[in-house]
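Colleague: Just dropping this structure here.
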Amino acid sequence: MSEKILKIIKICLSFAIAFVLVFTALFTYREHLAETYELTFLSSFIVGIFFIACSICFIFNKRIPQILYLCATILLLIVFFVCIVFSNQFQMGGGFAFLHIVNPLLVLAYYLVFCDLSKTTVKLVPMVAAIPLLYLVFVLIFGSITGNYIYFFMNYEKVGIGYSVIFIIGILVGIFVLGFALYYLNRLIQKLVNKNQRINS
């Protein structure tokens, strides 16, 4: 596949993914605007904006740090796994099915097929925890001010500090494990793709 065709495909897919993410986030929360602080909304909306920016970068031939795709994928997968594990605590019908399941898997598929981290140092992988950590800090501050900790496991006043701490540590460990796993999986895929291209050339 030529570089020009691949570029066109990436531009079209990036715009399409951005539309799906942003539209489903806004449509699903159209009657819940006061709750757009939830990670379910923010993850799809932020990653959607990121894909719009990527589309523009492709058009103007600007390089995109590939580690950012991993960060975006991890952010959505956090929503995916938390909602799967605690499915009885979250809405799963209608637009929420997209936000919780379809959108994360869509971005994961793009990451595995079109991203190349073969030249990205492993030292950058811990960056995947940056946005989730900022959000956890936001939740604690927001909860201490309003009494609404957004997610039940963050309400340490109700479930206990120990439970909240263990849950946060579990989430962070999961983020790092998933981050490194997807990093090396991407490199493996790219290695196989490059090997196949050399054989066919």
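The values are calculated or read from the model by the stated rules, or taken from the named source; none is laboratory data. As the structure is a computational prediction, the values presented were derived from the model and not from experiment. No Cβ is skipped: glycine too gets one built from the backbone with ideal geometry, and neighbour counts run over all protein chains shown. For accessibility, only protein heavy atoms count, side chains too; no ligands or nucleic acids. Shrake-Rupley method; radii C 1.70, N 1.55, O 1.52, S 1.80 Å.
Colleague: Among what's in the stretch 1-30 and is of a type in the set (D, E, K, R) and within 18 Å of Gln66 (Cβ to Cβ), pick the residue that is least open to solvent (accessible area, probe 1.4 Å). I'd like the intermediate steps shown before the answer.
Modeller: Step one: of the stretch 1-30, the residues of a type in the set (D, E, K, R) are 3-4, 7, 10, 30.
This time we only want the ones that are within 18 Å of Gln66 (Cβ to Cβ), so: 3, 7, 10.
Details: Glu3: 140, Lys7: 63, Lys10: 42 Å².
My answer is Lys10.
Colleague: Pairs please, first residue from the stretch 64-88 and without any contact (Cβ under 8 Å) to a residue 12 or more places away in the chain, second anywhere and buried (at least 20 other Cβ atoms within 10 Å of the Cβ), Cβ atoms under 7 Å, 6+ apart in sequence or on different chains.
Modeller: Ile64/Cys54
Colleague: So in the stretch 69-122, with the set limited to residues that are at pLDDT below 90 and part of a loop (DSSP other than H, G, I, E, B), which one is surrounded by the fewest Cβ atoms within 10 Å (Cβ to Cβ)?
Modeller: Within the stretch 69-122, the match that is surrounded by the fewest Cβ atoms within 10 Å (Cβ to Cβ) is Gly93.
Colleague: If you don't mind, another one. Could you list all residues from the stretch 143-172 that are of a type in the set (A, V, I, L, M, F, W, C), free of Cβ contacts under 8 Å to residues at least 24 places away in the same chain and open to solvent by 30 Å² or more (accessible area, probe 1.4 Å)?
Modeller: Selection gives Ile145, Val159, Ile161, Val165, Ile166, Phe167, Ile169.
Colleague: In addition: If Thr40 passes every condition in (1) modelled with pLDDT under 95; (2) surrounded by fewer than 18 Cβ atoms within 10 Å (Cβ to Cβ) but one, which one does it miss?
Modeller: (2)
Colleague: Right, next: Here is a list: Leu172, Leu182. Which entry is part of a helix (DSSP H, G or I), farther than 14 Å from Leu70 by Cα and aliphatic (A, V, I, L, M)?
Modeller: Answer to the check: Leu172.
Colleague: For the subset of the stretch 182-200 comprising residues that are exposed (fewer than 11 other Cβ atoms within 10 Å of the Cβ) and within 22 Å of Lys119 (Cα to Cα), which member is modelled with the highest pLDDT? Walk me through how you get there before you give the answer.
Modeller: In the first step, residues of the stretch 182-200 are kept if they are exposed (fewer than 11 other Cβ atoms within 10 Å of the Cβ); the result is 192, 195-200.
After this cut, where a residue has to be within 22 Å of Lys119 (Cα to Cα) as well, the list is 192, 195-199.
Working: Leu192: 89, Lys195: 77, Asn196: 75, Gln197: 70, Arg198: 65, Ile199: 70.
Ranking the candidates gives Leu192 first.
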